[in-house]
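Working notes, structure below.
The values are calculated or read from the model by the stated rules, or taken from the named source; none is laboratory data. Every value quoted in this text rests on a predicted model; they were computed, and no experiment measured them. Here the Cβ positions follow ideal geometry from the backbone for every residue, glycine too, while neighbour counts run over all protein chains shown.
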Amino acid sequence: MNVFKTGLGLVVLSAVLAGCSSTATNTDGNTGTPSATETSSSAESSAVDNSSVTTDEPTEVALETTVYFDFDQFTIKSEYRSVLTAHAEALKANPRSVRLEGHADERGTREYNIALGERRANAVRDFLVLQGVDSSLLETVSYGEEKPAVLGRDEQSWSQNRRVEIK
């Protein structure tokens, strides 16, 4: 929850600062760098103006949408728990249907990889449900080895294909 609030705060702050930037021009038509006095007064007035800025539109933070797994595993790595917790908070705040697509690398039989992709998608679904997400919003599908993210026959390629995509 704190990660989500911090990220949301940074996005809102960035939007406010970006919206207040402008190019200085002199009234006599010359363009150039504003003087120190102009910069100082401009910064002071911007700071005052920013305090009254409000927005009615909800701000959506871009979240990482891929969770990667170790070889022949469907256990969620600790590094992805905060990502999934942020997704859970976002889904609880703004419920919507989500598809969890499980994938595997090309090693193993087609049937085994379909089952492994399903176990990976179910692991992500179970984690989100434990965080309070309504299970009826979550659909799982397994593509096994059929939709690789990267083509290749090496560990670097395989590691990118062992994943669940949140869509």
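Go through the residues of segment 86-97 one by one and say whether even a single one is closer than 18 Å to Lys167 by Cα and without any contact (Cβ under 8 Å) to a residue 24 or more places away in the chain.
yes
Regarding Glu101, is this residue outside any helix (DSSP H, G or I) and either surrounded by fewer than 21 Cβ atoms within 10 Å (Cβ to Cβ) or touching a helix residue (DSSP H, G or I) at 6+ places or on another chain (Cβ under 8 Å) (or both)?
yes
List the residue pairs whose Cβ atoms are under 7 Å apart, where the first residue sits in segment 109-125 and is closer than 12 Å to Leu138 by Cβ and in the same structural domain as Glu139 (by TED's automatic domain parsing), the second is surrounded by fewer than 17 Cβ atoms within 10 Å (Cβ to Cβ) and at pLDDT below 95, and the two are 6 or more positions apart or on different chains.
none
Which condition from (1) out of contact with any Phe, Trp or Tyr (no Cβ under 9 Å at 6 or more places or on another chain); (2) part of a loop (DSSP other than H, G, I, E, B); (3) surrounded by 14 or more Cβ atoms within 10 Å (Cβ to Cβ) is the one that Gln73 breaks?
Just one mismatch for Gln73, condition (3).
Sort through Ser157, Ser136, Ser142 and tell me the only one that's in a helix (DSSP H, G or I) and either within 18 Å of the chain's Cα centre (by Cα) or over 12 Å from Val98 (Cα atoms) (or both).
It is Ser157.
Of these, Leu151, Leu130, which one is surrounded by fewer than 14 Cβ atoms within 10 Å (Cβ to Cβ) and either more than 20 Å from the chain's Cα centre (by Cα) or modelled with pLDDT under 95 (or both)?
Leu151
Considering only residues that are farther than 18 Å from Ala93 by Cα, of a type outside the set (Asp, Glu) and surrounded by 13 or more Cβ atoms within 10 Å (Cβ to Cβ), which ones fall in segment 154-167?
Across segment 154-167, the qualifying residues are Ser157, Trp158, Ser159, Gln160, Asn161, Arg162, Arg163, Val164.
Restricting to segment 104-120, what's the tally of residues that are buried (at least 23 other Cβ atoms within 10 Å of the Cβ) and acidic (Asp, Glu)?
1
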